[in-house]
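Structure first, then comments.
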Amino acid sequence: MNSKKKLIAGNWKMNGSLAANEALLRAIIAGLGDAVCDVAVAVPAPYLAQVQSLTSGSAVSVASQDVSQHEAGAFTGEVSAGMLKDFGVRYALVGHSERRQYHGETDVVVAEKAQRALAAGVTPIVCVGETLQEREAGQTEVVVKRQLAAVIHLNGHCISEVVVAYEPVWAIGTGRTASPEQAQAVHAVLRAQLAAASEHADRIRLLYGGSMNAANAAQLLAQPDIDGGLVGGASLKAPDFLQIIAAAR
Ligand code: PEP
C-alpha cells in the first residue's frame, strides 16, 4: 500500500469558454471541502490567465495540455515551459495519446517536452498507453515500457520528479474503461520499471486515465499502484469530477 497523496487531474481538452470555465471552476472549488488529494485542471492555453485567477487561493492547481520541446524562438503557435510557469502552471500533460496520434509526437519529442517542463519548474504528467490493436497483439507491456523508457533518464533530473499517467488509448473517450485488474497489472509493470531506475519509485505518482467516471473511480483508485486519475469527459461536469475527487482517499 502506498501513502502518498493521490492526484486527480482533469483534462478539459479543447472545450470551454470564459463563461463555462468560470461556472465549472466555481462549482468545483465550492464543492471541494477538505479534499485529501491533490487536484488539477489541464486547460486550453488561452484560458490559463483566467483559470490562474479563478483558482488562486484554492486547492486547485493549473495544468497545461502540452508544452513545447523548444525553449524559445521561431516556433509559431507553440507555448514554452517558461510561459506556462509565468501563468502559475504546476503540471503539463506531455505525450497525451491525442498529441501522439494527431500531431505525430514521438517518444523522443515527448522526452524533450518533459525535459523542458522540468527545467522550468513545471511537473510533466507523461502519458503512456497502448492502442487496441497493440493490446490485442499482446504488445501492451512492450509499448508502455518503451514509452516510459524514453523519459526515465532525463538530463539532470530524477524520474521521481515526474508524474506518469497510464492511459490505454482504447479507453480514452470511449466509455470503455480498463478493469481495475487490467489497469493495476500495467501499473505494476510501470512501477517495477521505475523501481529498477530509481530508489524513489514508490514516490512517483502513477495515474490511470481512460473513461474514469464517478461510478468506476473508487475501484480503480483502490488499486495499490494507482495513485490518481487523469480524467477527460467527467472533468467537465462538476458533480462527477467532485465524486471522483471524493473517491481519491
Ligand atoms: C483523457 O483525455 O486523458 C481522458 C482520459 O479522457 P476520458 O476520461 O474522456 O476518457
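Considering region 21-44 alone, what residues qualify as being open to solvent by less than 50 Å² (accessible area, probe 1.4 Å) and assigned to a helix (DSSP H, G or I)?
Scanning region 21-44 gives Asn21, Leu24, Leu25, Ala27, Ile28, Gly31.
If we scan region 211-232, do we find a residue that is assigned to a helix (DSSP H, G or I), of a type outside the set (Ser, Thr, Tyr), within 13 Å of the ligand (Cβ to nearest atom) and closer than 19 Å to Leu24 by Cα? Checked region 211-232: no residue is assigned to a helix (DSSP H, G or I), of a type outside the set (Ser, Thr, Tyr), within 13 Å of the ligand (Cβ to nearest atom) and closer than 19 Å to Leu24 by Cα. Going by what's in this entry, would Thr131 be described as surrounded by fewer than 20 Cβ atoms within 10 Å (Cβ to Cβ) and away from the ligand (no atom under 16 Å from the Cβ)? Taking the combined requirement at face value, the residue does not satisfy it. Considering only residues in region 138-184 that are closer than 15 Å to Ala111 by Cβ and polar (S, T, N, Q), the one that is nearest to the chain's Cα centre (by Cα) turns out to be Gln147. In region 75-96, the residues that are within 16 Å of the ligand (Cβ to nearest atom) form Cβ pairs under 8 Å with partners that are of a type in the set (A, V, I, L, M, F, W, C) and part of a loop (DSSP other than H, G, I, E, B), at six or more places apart or across chains, as follows: Tyr91/Val122; Ala92/Val67; Ala92/Val122; Val94/Val67. Screening Gln147 with (1) touching a helix residue (DSSP H, G or I) at 6+ places or on another chain (Cβ under 8 Å); (2) away from the ligand (no atom under 15 Å from the Cβ) gives one miss only, at (2). A residue that is surrounded by 20 or more Cβ atoms within 10 Å (Cβ to Cβ), touching a Lys or Arg at 6+ places or on another chain (Cβ under 8 Å) and not acidic (Asp, Glu) occurs nowhere in region 96-109.
Out of Ala165, Ala218, Ala149, Ala196, report the one residue that is among the hydrophobic types (A, V, I, L, M, F, W, C), closer than 15 Å to Gly129 by Cα and surrounded by fewer than 19 Cβ atoms within 10 Å (Cβ to Cβ).
On inspection, the qualifying residue turns out to be Ala149.
The values are calculated or read from the model by the stated rules, or taken from the named source; none is laboratory data. Keep in mind it's a predicted model, so treat the numbers as computed, not measured. As a convention, Cβ positions derive from the backbone with ideal geometry for all residues, glycine included, and neighbour counts pool all protein chains shown. Quick note on the areas: whole protein, heavy atoms, side chains included, nothing else; ligands and nucleic acids left out. Shrake-Rupley method; radii C 1.70, N 1.55, O 1.52, S 1.80 Å.
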